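Below is one structure, written out as structure tokens; the observations come after it.
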């Protein structure tokens, strides 16, 4: 696991806050759904940033949002350059964050396993 440098973490957190605001206020594309920026990982040399986002709705909505965000990456980078005090603004690479969906799926599996165990305990034939 790569070491977490305090500066890259601070820059990532700042980028996350600014990107959330910019996406909400500046991008007026109807294909862009309800997007939430869940994390930003910045490379050690601060030249690249992976921006993880999640959406509400179907996979098609997420695909459309990814397309819009990738198309707006240059605009967002320019706007970040105006807002942040940084010599170089990292290139933005958008990735869909599946952790919410995975968490919900695992929670449902755990619930069904617990329910099955309770039914087995209450089954007098067992």
Failed criterion for residue 65 (all others in (1) in contact with a strand residue (DSSP E or B) (Cβ under 9 Å, 6 or more places away or on another chain); (2) under 18 Å from residue 86 (Cα atoms); (3) in a helix (DSSP H, G or I) hold): (2)
Does region 37-72 hold any residues that are exposed (fewer than 15 other Cβ atoms within 10 Å of the Cβ) and within 15 Å of the chain's Cα centre (by Cα), and which are they? 56, 57, 59, 63, 67, 70
So, residue 79, is that one in contact with a helix residue (DSSP H, G or I) (Cβ under 8 Å, 6 or more places away or on another chain) and part of a helix (DSSP H, G or I) or not? yes
Could we say that residue 25 is at pLDDT below 95, part of a helix (DSSP H, G or I) and under 20 Å from residue 98 (Cα atoms) here? no
Restricting the search to region 84-120, which residues are in a loop (DSSP other than H, G, I, E, B) and in contact with a strand residue (DSSP E or B) (Cβ under 7 Å, 6 or more places away or on another chain)? 90, 97
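Is it the case, given these coordinates, that residue 10 is free of Cβ contacts under 8 Å to residues at least 40 places away in the same chain, in a helix (DSSP H, G or I) and either surrounded by fewer than 13 Cβ atoms within 10 Å (Cβ to Cβ) or touching a helix residue (DSSP H, G or I) at 6+ places or on another chain (Cβ under 9 Å) (or both)? Spell out how you get there, then give the answer.
Details: free of Cβ contacts under 8 Å to residues at least 40 places away in the same chain: yes; in a helix (DSSP H, G or I): yes; either surrounded by fewer than 13 Cβ atoms within 10 Å (Cβ to Cβ) or touching a helix residue (DSSP H, G or I) at 6+ places or on another chain (Cβ under 9 Å) (or both): yes.
Spelling it out, residue 10 is indeed free of Cβ contacts under 8 Å to residues at least 40 places away in the same chain, in a helix (DSSP H, G or I) and either surrounded by fewer than 13 Cβ atoms within 10 Å (Cβ to Cβ) or touching a helix residue (DSSP H, G or I) at 6+ places or on another chain (Cβ under 9 Å) (or both).
The values are calculated or read from the model by the stated rules, or taken from the named source; none is laboratory data. Computed from a predicted structure; not experimentally measured. We place every Cβ from the backbone using ideal geometry, glycine too, and count neighbours over all the protein chains shown.
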